[in-house]
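A quick write-up on the structure given underneath.
Nothing in this text is a laboratory measurement; each read-out follows from the coordinates by a stated rule. Since this is a predicted model, take the numbers as computed values, not measurements. With ideal geometry, Cβ positions are generated from the backbone for all residues, glycine too; neighbour counts draw on all protein chains shown.
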Amino acid sequence: MSIPVSRLSGQGLTLDRGGRRVLADLDFVATSGEALVVTGPNGAGKSTLLRLIAGLLRPVAGRLVLDGGDPELSIAQHCHYFGHQDALKAALSVGENLGFWRDFFGEADDTVYDALDRVGLARLVDLPAAYLSAGQRRRLAFARLLVSKRPIWLLDEPTSALDAASETRLIEIVGEHLDGGGLVVAATHLALPFSRMASLRLGAAVIAEAVA
Amino acid sequence: MSALASLFVREWKLAVRVGGGALMGALFFLIVVTVVPFGVGPDLNLLSRIGPAILWIGALLATLLSLDRLFQVDRDDGGLDLILMADASLELVVLVKCLAHWAATGLPLVLASPLLAVFMNMEPEVIAATTATLLVGTPALTFTGAIGAALTVTLKRGGLLLAILVLPLTVPVMIFGVSSATAVVFGTVPFTTPFSILAALGLFAMVLGPFAAAAALRHAGE
């Protein structure tokens, strides 16, 4: 996407899941070059917020506003969603899994090999994904964000199942994305040492306030 | 490779590799058609008369067998979320997935049917007609079934419900498929009359199926 994004904001977002109000009148602002880290206890609505931004859930009230970006595309089409599930097919090799998403998402960025190299899986390119460990599956899923260019990264517990070295590598890659004018919204209950970050705390009472 | 071409190749690979349903459908078809003469008895005239119907029922059941996984595998591993977020239109994605599913599971049924027709003591012209009707009719089964597969995508054991939802919708395809196959020998109408309607049903399903299934998938996440 050639047109850079500058700001993603939510205004009065309210969302119900299974008859229960998960997000109530939530405001947030995420600016490019800075990671918005969403924290909060289990069930506070962190994942729900990310799925909402990704266009997978619809709010009952409120709206999302994107400043910048391609006006022809929806907000979801600017986003990479790195959720709990890895979207890997066990019967396909590591390279085939990643190659499919590279073709399918378009806007090609890194080659499959380069992306695997960056997450430290280049040696396993021909191995069926069925044989990967939990951490390796996670890294392969993350490599999807590198093969196709999208300015907004939605990361849901990005460092779960990763070892210390991989976590450092992931933080570096996210840092490079931010330096390139990218926008990151990360949900986590761990402290993620991003270089520049704002935080948004979702409480169990679901009255959230943005802390700059 | 373009997004949709790459999707077709991936779906094809998944279907023919370990855990895919391609071979399973063809084997199931073989078993169903082979078992019938044991049940019906060795009456060759009767077998040749009911042959086209048996082949059609076998093909219908074999198609349904693998359809429940059409979208569910993608939903289970989170791939469906990513597909929804991609630039490709969901209707075209469904169309391509159905075409790949048909190429991997429907086409082998069509290719196997002349051989199995011999088991049923069918006349050569009836064999040719049945194969032609299956070639035109099995895509209709896949596209109709895709609607059911999309509606039941959130259910863990949705396969049975899928069959209950989809089987009534496939009745017209069955009727015109079997009647055009038998029209060659026994019929009172020319082959092309029911065959044209069968082809029309196939085209109708190919247009309606992707739109209906895509609409169901869009709401599946909520």
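Once both labels are positioned 7 Å from their Cα atoms along Cα-to-Cβ, the gap between A:Ala165 and A:Asp67 label points is 4.2 nm. Rounded to the nearest 0.05, what FRET efficiency do A:Ala134 and A:Asp16 give with R0 = 25 Å and r taken as the Cβ-Cβ distance? Could you check? Efficiency at R0 = 25 Å is approximately 0.15. Per residue, the average separation of C-alpha pairs within less than 8 Å and at least 6 apart gives chain B a relative contact order of 26 percent. Stretching the chain fully between A:Ser199 and A:Asp179 yields a gain of 5.4 nm (0.36 nm per residue, less the alpha carbon separation). The mean number of Cβ atoms from other chains found within 10 Å of a Cβ in peptide A:101-108 is 6, as a whole number.
Sorted by mean Cβ packing within 10 Å, highest first, what order do the peptides B:203-211, A:96-104, B:69-77 take?
Numbers: B:203-211: 18.0, A:96-104: 23.8, B:69-77: 19.9.
Peptide ranking by packing, descending: A:96-104, B:69-77, B:203-211.
Computed about the Cα centre, the dipole magnitude for the protein assembly as shown is approximately 760 debye when only Lys and Arg (+1) and Asp and Glu (-1) carry charge, each at its Cβ.
Candidate cross-link partners of B:Lys97 among the lysines, defined by an alpha-carbon separation under 24 Å and a same-chain spacing of 8 or more, comprise A:Lys89, B:Lys13, B:Lys156. Taking every alpha-carbon pair under 8 Å whose residues sit at least 6 apart, segment A:85-212 reaches a relative contact order of 23 percent. What share of the DSSP beta bridges in the protein assembly as shown is antiparallel, in percent to the nearest 5? If I count the DSSP bridges inside the protein assembly as shown, around 55 percent turn out antiparallel. Any idea what angle helix B:124-151 forms with the longest principal axis of chain B, computed on alpha-carbon atoms, 0 to 90 degrees, nearest 10? Relative to chain B, helix B:124-151 is tipped by roughly 30 degrees.
If R0 is 51 Å, what FRET efficiency do you get for B:Glu125 and A:Val125 from their C-beta distance, rounded to 0.05? Working from the Cβ atoms, E equals 0.45.
How would you order B:53-61, A:117-125 from highest to lowest mean count of nearby Cβ atoms within 10 Å? If you can, show how the numbers build up before the last one.
On the way: B:53-61: 23.0, A:117-125: 17.0.
Put in order of decreasing packing, that is B:53-61, A:117-125.
For chain B, the longest principal axis of the alpha carbon atoms and the long axis of helix B:171-183 meet at an angle near 30°.
Can you give the FRET efficiency for B:Val189 and B:Val18, using 1/(1 + (r/R0)^6), R0 = 60 Å, r = Cβ-Cβ distance, to the nearest 0.05?
Values: r = 46 Å, r/R0 = 0.77.
Once rounded, the FRET efficiency stands at 0.85.
Taking every residue in A:93-100 and counting other chain Cβ atoms within 10 Å of its Cβ, the average works out to 2.
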